[in-house]
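What follows is a set of notes on a single structure, which appears directly below.
The values are calculated or read from the model by the stated rules, or taken from the named source; none is laboratory data. Since the model is a prediction, treat every value here as computed from it, not as a measurement. The protein model used for the area step is the full one, side chains on, heavy atoms only, and it has no ligands, DNA or RNA in it. Shrake-Rupley method; radii C 1.70, N 1.55, O 1.52, S 1.80 Å.
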Amino acid sequence: IALLDGYTIFLFGDFESLPKSPASKRSRSGVVKKNQESIQATYSLERLQCLLEACGATIVHDVTSLVGLSNDKVAVMLRPDPHPRDWRAARKELEKYPTLPLIRGNWLLDSISNFQVKDVNDYTQATIKK
């Protein structure tokens, strides 16, 4: 059985830009450093889709595909370390579906790195330390 067998995930928002981190700064010349390019590749939509599928999750391309599914294995996932604007855009888009869990992509990365599925409730906006 795969780690995320039975999970259905809708990927929402921008996965192609760098998450907020010290490594996302540009050099004085405005050029993104080589290690930053590899960080961006790590968070790409294609890479996260690949990880989800390799772990047995089903990816849907329309949020309405999640409606009616068991909520304990369903989530709308933002990129890892999303910006506040990502949360706002997702909540606005998903206001018709208030019961769908909206989580950070860190859930996927942490679940894989720990070889166990983490509780999605630990990866909502309410759980971000300020």
**OP:** Assuming a ≥ b ≥ c are the square roots of the Cα gyration tensor eigenvalues, decide whether the range 39-116 counts as rounded (a/c under 1.5), prolate (otherwise, with a/b larger than b/c) or oblate.
**Re:** oblate
**OP:** Give me the accessible area of TYR123, 1.4 Å probe, in Å² rounded to the nearest 10.
**Re:** 20
Subject >> Most to least accessible of CYS50, CYS55 (protein chains only, probe 1.4 Å) >> reply: CYS50, CYS55
Subject >> Per residue accessible area in Å² of the range 53-116, where ligands, DNA and RNA are left out and the probe is 1.4 Å >> reply: 55
